[in-house]
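Here the structure is laid out as structure tokens; the discussion comes afterwards.
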Amino acid sequence: MRYYSTRDTEKKYYSSPEAICKGLAPDGGLFVPAELPLISKKEIEAYCQYGYERIAAEILYKFFPELGKEEILEQCEQAYAYPNFDPTPAPVKVLGNTAVLELWHGPTCAFKDMALQIMPRLLAMSMKKCGETRTAHIVTATSGDTGKAAMEGFKDLEQTRITVYYPTDGVSETQKRQMATQEGSNVNVIAVRGNFDDAQSAVKAIFANDEIKKTAEENGEFLSSANSINIARLVPQVAYYVSAYIDLVKKGFIADGETIDISVPTGNFGDILAGWLAKKMGMPIGKLICASNRNRVLTDFFVTGVYDTRRPFFATTSPSMDILIASNLERLLCFNFGAEATAGFMKSLKKDGSFAVTPAQLDILEAEFGCSSCDDESTADVIKHVYEEFGYTIDTHTAAAFMGASGNKCLVVSTASPYKFAPAVAQALGMKETSHEALSKHTGTNIPAPLKDIYKKDIRFTRVVDKADIAASLYLQ
Ligand SMILES: *Cc1c(COP(=O)(O)O)cnc(C)c1O
């Protein structure tokens, strides 16, 4: 399968193992497949007999055929197995006219596990294919969930190590604790004074810094990324849209072939882009609703066609969506408008902090995407309302997606366990005490096992740096 960079007008092609090993393209663009593979009706029928791990393997093989079908299946069987994941890794629940896809049954209780339990394995396979003997040093910025999920995926994996940067502002106490107590001999965690975009921009700059690359080289390493800029992070996410559709047909929520809208709580635009890819590959998906919080840069983009990051940044109760630069939007632009236009948009974004698509281009996007945004107050209202109406507890990110749910039958993507954001959820439910135990008692739900132990574990990482020192901190242990 051939991949090229979203900014490369000359279309230099890379194999899928090369694209996975590199993470980011040399020109700063993201890798996209030259042709999108399709899923036939017949294949969907066959998938009805498969468990999640096998559906995931089928999808991955379509994008990464060089890695081998049997080999991919073997890795998926290990990655999505119990007790790493609950016995059903991505269950759907039906609540009236809305169905919920729960993507938080993995080791860190957030949807990023769906990709990050398999992505390190895909990287290791790709390194073998490329004859890579150096250690992959994964450098990643996290708004809270990615870093933890990445470390869980990479911990003690041979020929890899990982450094995670997270912003001191805007990750929950639980998330901080999860990261500071991370186990594994090849992991490092550094807090950055600032917000997620500060951390992400600095990590992007690291990848463009030749000095640092040289230092990595001298250490027998090469730099790679686990952010959703790596194509091996994105593709595994297509699988749960396929499995959810099949499950909804099996449950009789929709008829076979009926289209369904999907509302996705969106930050970096990776999750929703995977849904769009599933649609383009042939899944009967209607509108994809891009649900944001008060940081509504994407909402405004889908309404006006102007992507403008020159705006205040808000720390909200849904911190994993507190993002002003949604990296994966670049892939959507490239798929729709080509690399030349995309290179122009990105140049303008870098220079002016904004770019605009033409009205005709906006029409194309609006035909497939809806959008919504909600502030902290409406987030809390939605949590309360869903609990009162259905006895179902949702986290703050999922609440944003409920807010965006269309009047039609809609699938809401639930990206985190309510326990990951227990204080905000408990407050929304009118509770005085906001601990995990109190939430469990109030809602009659169980505290997920992985969250139970973090307060017993030792703190291993305490380092905090200024954003100007991020690059220097990478090889300064
Ligand atoms: C990362 C994350 C999101 C946003 O997903 P993107 O792929 O970055 O758009 C939403 N909710 C939660 C809980 C997350 O961790």
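Brief remarks on what is shown
- Here I246 does not fit the description of being within 16 Å of the ligand (Cβ to nearest atom) and at pLDDT 95 or above.
- Selection within segment 395-420 - within 14 Å of D376 (Cα to Cα), out of contact with any strand residue (DSSP E or B) (no Cβ under 6 Å at 6 or more places or on another chain) and more than 9 Å from the ligand (Cβ to nearest atom): A399
- Looking across segment 364-393, the residues that are in contact with a helix residue (DSSP H, G or I) (Cβ under 8 Å, 6 or more places away or on another chain), assigned to a loop (DSSP other than H, G, I, E, B) and touching a residue at least 60 places away in the same chain (Cβ under 8 Å) come down to E368, C374, Y392.
- Residue list for segment 280-303, filter: more than 16 Å from the ligand (Cβ to nearest atom), within 19 Å of N408 (Cβ to Cβ) and either open to solvent by 40 Å² or more (accessible area, probe 1.4 Å) or touching a His at 6+ places or on another chain (Cβ under 9 Å) (or both): K287
- Per-region count, segment 304-324, residues of a type in the set (A, V, I, L, M), part of a loop (DSSP other than H, G, I, E, B) and away from the ligand (no atom under 11 Å from the Cβ): 2
- Enumeration of residues in segment 454-474 that are modelled with pLDDT under 90, open to solvent by less than 60 Å² (accessible area, probe 1.4 Å) and part of a loop (DSSP other than H, G, I, E, B): I454
- Meets criteria (open to solvent by 20 Å² or more (accessible area, probe 1.4 Å), modelled with pLDDT under 95 and part of a loop (DSSP other than H, G, I, E, B)) for T445: no
- Residue within segment 55-64 that is buried (at least 17 other Cβ atoms within 10 Å of the Cβ), within 23 Å of G282 (Cβ to Cβ) and in contact with a Gly (Cβ under 7 Å, 6 or more places away or on another chain) present: no
- Unmet requirement for K213, which otherwise passes all of (1) touching a strand residue (DSSP E or B) at 6+ places or on another chain (Cβ under 9 Å); (2) of a type outside the set (S, T, Y); (3) surrounded by fewer than 17 Cβ atoms within 10 Å (Cβ to Cβ); (4) modelled with pLDDT under 90: (4)
The values are calculated or read from the model by the stated rules, or taken from the named source; none is laboratory data. Every value quoted in this text rests on a predicted model; they were computed, and no experiment measured them. Because the Cβ atoms are built from the backbone with ideal geometry, glycine has one as well, and the counts that use them run over all protein chains shown. All accessible areas refer to the heavy atoms of the entire protein, side chains included, with ligands and DNA or RNA removed. Shrake-Rupley method; radii C 1.70, N 1.55, O 1.52, S 1.80 Å.
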